[in-house]
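Peer 1: Would you mind keeping the following structure in view while I ask a few things?
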Amino acid sequence: MDKPRAQIVGVYRTEQAIDVKRSAASLQIEAIKGALDDAGLALSQIDGVVPVDPSPYGPQPSVQMYWSEQLGERPLTYLELGSAVGGVAKAAVAVEAGMADLIAVFWSRTSAHGEPSRDWTERQPDSLVLGAPPLHGADAGAVRAMWARRYMDTYAIRAEYLAAVAVDQRHKAQRNPQALTYGLGELTVDEVLSSPMRYAPLRELDTALDNDGGYAVLVASSALAAEATGRGVSVLGGAEASGPTLLSSTPDLLGFADGPVRHSAFVAFEMAGVARTDIGVLGLWDDTTATVANAVEQLGLCRVGEGPAFLRQAGPVVNPHGGMLADSNCGESSGLHLIEVVRQLRGTAEGRQVPGVELGAVQAQSYGSHAHAATIVLART
């Protein structure tokens, strides 16, 4: 008999906008309440939290105490950190192990109240392992561009192949009324290729939006999921993996074979026990168009270098909401990808529903695209 699976029972996304004039904490509380309404469950039933960004609340023990106060001044039995996708995967393991019954995974970012970005121009402490230090003055965008140039040159990937990814994402966003680019119309490859250069070879329309917003996802035990009003989505498998902070610290920019993205994907699919070819919808990290092409390679859907060609074929639908390129990029945006896949598996993605979808997967990245990654495999319940 199959073991009872943890389920995603509630999801919610707050307003996504260029400038949300509210505190990050207020967006998080709104998102948690909205996810509870979606699930038909009560605030008092939450007994675990995964704050994707703990920085506003201090070191880890303070995070738990802060959210214990916010959620009714009662004990919380589970606290974890990580990306939204990795956080949901770990929350599922926790509820299946009996550590908690209902865990809230949440995030928000507001430009007016956010944390200052890390200053990579400052001298960094010596590493405990041999390797190159971060490139002085190079932010994450520049590092992504270095990787993209190496990727394109090595595998003869032309700029127009990647521009087609941006065109596809904008097209999908026109069916998503919540998308920031909804109503702005379609893109053409020529428009992408003529947009201002951001970080060569990546142009402005090759890169993600930059806006405020938040979300929450509720993960419940199978017993509690039976009490929820909405249709649950089962977590079949998930994993996180980390490498050096930035690609400039790696000996090979194209070190795909044992990289965090590929490793997390293989672990997640091994846990899930399903074939990649059975996946009907994908939520893929898309900070750049090149990242999307490479992501399908890292997931094992095609060989390295064949991502652009794979995306042009009939296969799993990628980012039906428009992704970070055309829907929203509120920072740690993998939670928005996850919410979209949950809605697709529930059959509630109005105007853009993928017919007959039973399985989905979501993949997250961060820090120069490939240094930290998480993958989760989900199923219609």
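Laboratory data are not the source of any read-out in this text; all were calculated from the coordinates shown. Here the structure is a predicted model, which is why all the values come from computation and not from measurement. Every residue, glycine as well, gets a Cβ built from its backbone with ideal geometry; the counts of neighbours run over all protein chains shown.
Peer 1: Local charge sum around Leu41 (other residues, Cβ-Cβ under 13 Å, Lys/Arg +1, Asp/Glu -1)?
Peer 2: Charge balance in the 13 Å sphere: -4.
Peer 1: Between Pro4, Ile46, Val317, whose Cα lies farthest towards the positive end of the dipole of the chain when Lys and Arg beta carbons carry +1 and Asp and Glu beta carbons carry -1, centred on the Cα centre?
Peer 2: Highest projection toward the positive end goes to Val317.
Peer 1: What is the total of Lys pairs in the chain with C-alpha atoms under 29 Å apart, excluding same-chain pairs fewer than 8 positions apart?
Peer 2: 5
Peer 1: Excluding Gly323 itself, what net charge comes from residues whose Cβ is under 15 Å from its Cβ, given Lys and Arg +1 and Asp and Glu -1?
Peer 2: Around Gly323, the surrounding residues sum to -2.
Peer 1: Which residue, Ala89, Ala220, Ala309, has the most motion in a Gaussian network model of the chain that connects Cα atoms within less than 10 Å?
Peer 2: Maximum fluctuation in the GNM of the chain, among the listed residues, is at Ala309.
Peer 1: Still on this structure, please answer the following. What is the packing order of peptides 39-51, 75-87, taking the mean over residues of other C-beta atoms within 10 Å and listing the highest first?
Peer 2: 75-87, 39-51
Peer 1: Suppose every Lys and Arg Cβ carries +1 and every Asp and Glu Cβ carries -1, with no other charges. What dipole size does the chain come out with about its Cα centre, to the nearest 20 debye?
Peer 2: Rounded to the nearest 20 debye, it is 500 debye.
Peer 1: Another question, if that's okay. What residue among Gly360, Gly185, Gly230 shows peak mean-square fluctuation when the chain is described by a Gaussian network model with Cα springs under 10 Å?
Peer 2: Taking springs between Cα atoms under 10 Å, the residue moving most is Gly185.
Peer 1: Right, next: What's the magnitude of the charge dipole for region 146-273 around its Cα centre, counting Lys and Arg as +1 and Asp and Glu as -1 at the beta-carbon? Answer in Debye, nearest 20.
Peer 2: Charge dipole of region 146-273: 120 debye, to the nearest 20.
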